[in-house]
Amino acid sequence: MFEARLVQSSILKKVLEAIKDLLNEATFDCSDSGIQLQAMDNSHVSLVSMNLRSDGFDKYRCDRNISMGMNLGSMTKILKCAANEDVVTMKAQDNADTVTFVFESPNQEKVSDYEMKLMNLDQEHLGIPETEYACVVRLPAGEFARICRDLSQFGESVVISCTKEGVKFSSAGDIGSANIKLAQTSNVDKEELAVTVEMQEPVTLTFASRYLNSFTKATSLSNVVQLSMSPDVPLVVEYRIGEIGHIRYYLAPKIED
Amino acid sequence: NNLQPFLKDFYVPH
């Protein structure tokens, strides 16, 4: 039997919002340590890796590991039926072919349950090695979303250059070129407004802007986004999910031909 | 212009 109860259904709604652009379906791998998801987008250029720890749930029970193949479009429709302040419970019998979502209003006066068919997805998992990144940038998630959106008007690629002074985002195309430089902030009082750069060595990499924009759908999950870069390895864009977990997007850098 | 590699060029399926 698998049962996971979350007081804030808004977390699950935001997680779906964050992945449904990139993925049509994904497998939720549930074990006693929590729920994990790893899937590449259809073009196999980017990857989503999500982890929700069991201790972040109000109630979590997973008698036997269970992998639930979810159609994310259907799951989004079901989660739209939950109010933000509803309590959501996901549950499934062992080797079940359906999963049930239960939404309870705060005053328990309204309880809804939605049963969804599961899919058999034989998605392969990629091994992602532990990596020491040359540059790790932390900046306000809203700022990053704004930069990706603004620069995607200029070209289909964004060049991210990181030095110890700060990070520069550039794009060029038919209408012209654009550069946005963020200096490393000095003593800001609010952590979530800071721009920090941990640099082992300077890095300059080029990425497809449409994927970066898809990643920023996770902005509502966290005030801060973390970009990890090294020469010739995929970028990692990470958003924390409250105290319960994280969502990480991986994107292969473009190479000059 | 530049080429867009796949993730499998960097990470191995397991």
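The values are calculated or read from the model by the stated rules, or taken from the named source; none is laboratory data. The structure displayed is predicted, hence computed values, not measured ones. Cβ: placed from backbone, ideal geometry, glycine included. Neighbour counts: every protein chain shown.
Restricting to the range A:72-103, and then to whatever is among the polar types (S, T, N, Q) and within 19 Å of A:S9 (Cβ to Cβ), can you tell me which residue is farthest from the chain's Cα centre (by Cα)?
Taking the candidates together, the pick is A:T100.
Can you tell me how many residues in the range A:183-227 are of a type in the set (A, V, I, L, M), exposed (fewer than 15 other Cβ atoms within 10 Å of the Cβ) and more than 21 Å from the chain's Cα centre (by Cα)?
Matching residues across the range A:183-227 total 2.
Scan the range A:165-191 residue by residue and report those that are out of contact with any helix residue (DSSP H, G or I) (no Cβ under 8 Å at 6 or more places or on another chain) and closer than 15 Å to A:T204 by Cβ.
A:E165, A:G166, A:V167, A:K168, A:A172, A:N179, A:K181
Taking the stated definitions as given, is A:N120 surrounded by fewer than 13 Cβ atoms within 10 Å (Cβ to Cβ), closer than 16 Å to A:S10 by Cβ and away from chain B (no Cβ under 14 Å)?
No; evaluated as a whole, the condition is false for this residue.
Looking only at the range A:213-224, decide whether some residue is closer than 20 Å to A:N24 by Cα, modelled with pLDDT of 95 or more and touching a Leu at 6+ places or on another chain (Cβ under 7 Å).
yes
Within the range A:228-244, how many residues turn out to be away from chain B (no Cβ under 14 Å) and surrounded by fewer than 21 Cβ atoms within 10 Å (Cβ to Cβ)?
Qualifying residue count for the region: 5.
Among the residues of the range A:181-192, are any in contact (Cβ under 8 Å) with a residue 40 or more places away in the chain and within 14 Å of chain B (Cβ to nearest Cβ)?
Within the range A:181-192 (the criterion being in contact (Cβ under 8 Å) with a residue 40 or more places away in the chain and within 14 Å of chain B (Cβ to nearest Cβ)), the answer is no, since none of the residues qualifies.
Applying the selection to the range A:100-131, what residues are of a type in the set (A, V, I, L, M), in contact (Cβ under 8 Å) with a residue 60 or more places away in the chain and in contact with a strand residue (DSSP E or B) (Cβ under 6 Å, 6 or more places away or on another chain)?
Matches in the range A:100-131: A:M119, A:L121, A:L126.
Starting from residues that are within 14 Å of chain B (Cβ to nearest Cβ) and buried (at least 16 other Cβ atoms within 10 Å of the Cβ), keep the ones in the range A:124-159 and report whichever is nearest to A:T196 (Cα to Cα).
Applying the filter and picking the extreme gives A:Y133.
Take A:D232 and decide whether it is more than 25 Å from A:L126 (Cβ to Cβ) and without any contact (Cβ under 8 Å) to a residue 40 or more places away in the chain.
no
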